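Scroll down for the structure; my scribbles are underneath it.
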Amino acid sequence: MIFRFIFLCALLLFIEFYSYQAFRTLIKTRWVLISYQIISLLVLIFIIYSFSQVDRSVGQTRQFMFTTGLMLTVYVPKILLTLIMFGEDIFRIGASILNYFVYNTPRKEMMPDRRKFVSQLALGLAAIPFLSIIYGIFEGKYNFKVIKQTIFFPDLPDAFDGFKITQISDVHSGSFDNPEKINYAIDLINAQESDLILFTGDIVNTHAKEMHPWLETFSRIKDYKYGKFAVLGNHDYGEYVTWPSEKEKDENFKAIKNLYGQIGFKLMLNEHTYIQKGDDKIALIGVENWGVNFKKAGDLNKASENVNQDDFKVLMSHDPSHWDAEIKDHPKNFHLTFAGHTHGMQFGIEIPGYFKWSLAQYIYKQWAGLYENVGRYVYVNRGFGFHAYPGRVGIMPEITVIELKKGRNVG
């Protein structure tokens, strides 16, 4: 623990030293540089103090989210500055060695001065994440996008050709701070002409009471002809805080499960049902959370017991790592899985149809959008809400609409 603390302090000092070099190269006014150092020190003290006051019995608070947002706003640009300025120093050291041993340059002149252009470039590049993170906090987190996708299945029952499914996931209601924006998102959900709506977990961050101010808002989600169904996410189990007793934890879990019903959703706990349309039907299966690095409460075999192999199957499973680990090669052939969980880390670059990048891709093979394996699909929703970092950059909050079509994808 002490070693980690010492390492963290050394790393922060390294970052502060090199990010300061960019300012010192361009700014020669002494009081401005001193002010920068004082502000940097005060921000660092505030961040360390705020994180040291985190109460494990309370969980995420407004103070925690503010501090996380401040830390990212300050240190992501400074890390970029550090990389550029440190890179320049490596070049300067190489040049000084060359000057000394090859060109016999006098010792006082062998180390090149820092170049003003490099500092200008560093500050210009650092301004991009700085402004992006601020935008993400004030605008991005509520910049809801409706993403529509058509998926073709040769064995889709005829009556379900053109069947539309809306998906929401990862609401994290305890993070919300703008009723107007959330009501707008509910209106977007209701505007989609779908047959069925699925909610793939994480209704809260930790406590059932987080959802209480939003029950009326989410109860406005309209009724769907073929139902409203949900499964639990990892945050719904209340396992990221320290509880006074197991009894209180169990009561909170029971209350969270009841929340889904209070907003009109049927919560599926390792079970299945059939959606009947005309003479045809499809199986809808819902498992509890199952993640490679998270709680493994989901029981796929139990949930699909008595479901025939040749039934068309739609599965809800919160964590997409479940698809890769158990679902995609399962002998019962789950046609389409709906997942969430990753949020796309709420930070990345996305140009629809061309380019998609986030740090999430180094943790999850399936982290945002549609993925396929020999005719079986998983769709990973980017999340409705936000958690920890109170914003979104590049990876926007999502309402998904999937249309099922009979036939083969020829695109």
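The values are calculated or read from the model by the stated rules, or taken from the named source; none is laboratory data. Every value quoted in this text rests on a predicted model; they were computed, and no experiment measured them. Cβ coordinates were reconstructed from backbone atoms using ideal geometry, including for glycine residues, and neighbour counts include every protein chain displayed. Areas reflect the complete protein model, heavy atoms only, side chains present, ligands, DNA and RNA absent. Shrake-Rupley method; radii C 1.70, N 1.55, O 1.52, S 1.80 Å.
For the range 338-383, name all the residues that are in contact with a strand residue (DSSP E or B) (Cβ under 8 Å, 6 or more places away or on another chain), of a type in the set (S, T, N, Q) and within 21 Å of residue 409 (Cα to Cα).
366 - this is the single residue of the range 338-383 that is in contact with a strand residue (DSSP E or B) (Cβ under 8 Å, 6 or more places away or on another chain), of a type in the set (S, T, N, Q) and within 21 Å of residue 409 (Cα to Cα).
Name the one entry in 301, 306 that is closer than 26 Å to residue 154 by Cα, outside any strand (DSSP E or B) and modelled with pLDDT under 95.
Only one candidate qualifies: 306.
Scan the range 145-153 and tell me whether some residue there is in contact with a Phe, Trp or Tyr (Cβ under 8 Å, 6 or more places away or on another chain), more than 21 Å from residue 350 (Cβ to Cβ) and modelled with pLDDT of 95 or more.
Looking for residues that are in contact with a Phe, Trp or Tyr (Cβ under 8 Å, 6 or more places away or on another chain), more than 21 Å from residue 350 (Cβ to Cβ) and modelled with pLDDT of 95 or more, one finds at least one in the range 145-153, hence yes.
Taking the range 357-397, which residues are surrounded by fewer than 18 Cβ atoms within 10 Å (Cβ to Cβ) and either among the basic types (Lys, Arg) or touching a Leu at 6+ places or on another chain (Cβ under 7 Å) (or both)?
365
Of everything in the range 398-411, what is open to solvent by less than 30 Å² (accessible area, probe 1.4 Å) and outside any loop (DSSP other than H, G, I, E, B)? Give them in sequence order.
Scanning the range 398-411 gives 398, 399, 400, 401, 402, 404.
Using beta carbons and a limit of 6 Å, which pairs, at least six apart or on different chains, have the first residue in the range 340-368 and free of Cβ contacts under 8 Å to residues at least 24 places away in the same chain and the second one among the acidic types (Asp, Glu)?
So the pair list comes out as 356/350.
Condition (residue is at negative phi, surrounded by 15 or more Cβ atoms within 10 Å (Cβ to Cβ), of a type in the set (Ser, Thr, Tyr) and touching a Lys or Arg at 6+ places or on another chain (Cβ under 7 Å)) applied to the range 257-269: is it met by at least one residue?
no
Can you spot a residue in the range 33-47 that is in a helix (DSSP H, G or I), free of Cβ contacts under 8 Å to residues at least 60 places away in the same chain, closer than 20 Å to residue 122 by Cα and in contact with an Asp or Glu (Cβ under 9 Å, 6 or more places away or on another chain)?
Within the range 33-47, one or more residues are in a helix (DSSP H, G or I), free of Cβ contacts under 8 Å to residues at least 60 places away in the same chain, closer than 20 Å to residue 122 by Cα and in contact with an Asp or Glu (Cβ under 9 Å, 6 or more places away or on another chain).
Mind listing just one residue for me: the one in the range 1-33 that is touching a Ser or Thr at 6+ places or on another chain (Cβ under 9 Å) and open to solvent by 90 Å² or more (accessible area, probe 1.4 Å) and, of those, farthest from residue 72 (Cα to Cα)? Show your work before the answer.
Step one: filter the range 1-33 for residues touching a Ser or Thr at 6+ places or on another chain (Cβ under 9 Å), giving 14-26.
Imposing the further condition that a residue be open to solvent by 90 Å² or more (accessible area, probe 1.4 Å) reduces the set to 17, 24.
On the way: 17: 18, 24: 22 Å.
Result: 24.
Just the residues that are surrounded by fewer than 18 Cβ atoms within 10 Å (Cβ to Cβ), more than 20 Å from residue 274 (Cβ to Cβ) and without any contact (Cβ under 8 Å) to a residue 40 or more places away in the chain, please, taken from the range 288-325.
292, 293, 296, 325
Looking at the range 234-256, which of its residues are charged (D, E, K, R) and either assigned to a loop (DSSP other than H, G, I, E, B) or open to solvent by less than 40 Å² (accessible area, probe 1.4 Å) (or both)?
Matches in the range 234-256: 236, 239.
Which is within 21 Å of residue 62 (Cβ to Cβ), touching a residue at least 60 places away in the same chain (Cβ under 8 Å), buried (at least 21 other Cβ atoms within 10 Å of the Cβ) and of a type outside the set (Asp, Glu), of 194, 169, 173?
Working: 194 fails: within 21 Å of residue 62 (Cβ to Cβ); 169 fails: within 21 Å of residue 62 (Cβ to Cβ).
From the options 194, 169, 173, the qualifying one is 173.
Got a number for residues in the range 34-51 being over 18 Å from residue 75 (Cα atoms) and either in contact with a helix residue (DSSP H, G or I) (Cβ under 8 Å, 6 or more places away or on another chain) or among the polar types (S, T, N, Q) (or both)?
Residues flagged as over 18 Å from residue 75 (Cα atoms) and either in contact with a helix residue (DSSP H, G or I) (Cβ under 8 Å, 6 or more places away or on another chain) or among the polar types (S, T, N, Q) (or both) within the range 34-51 amount to 0.
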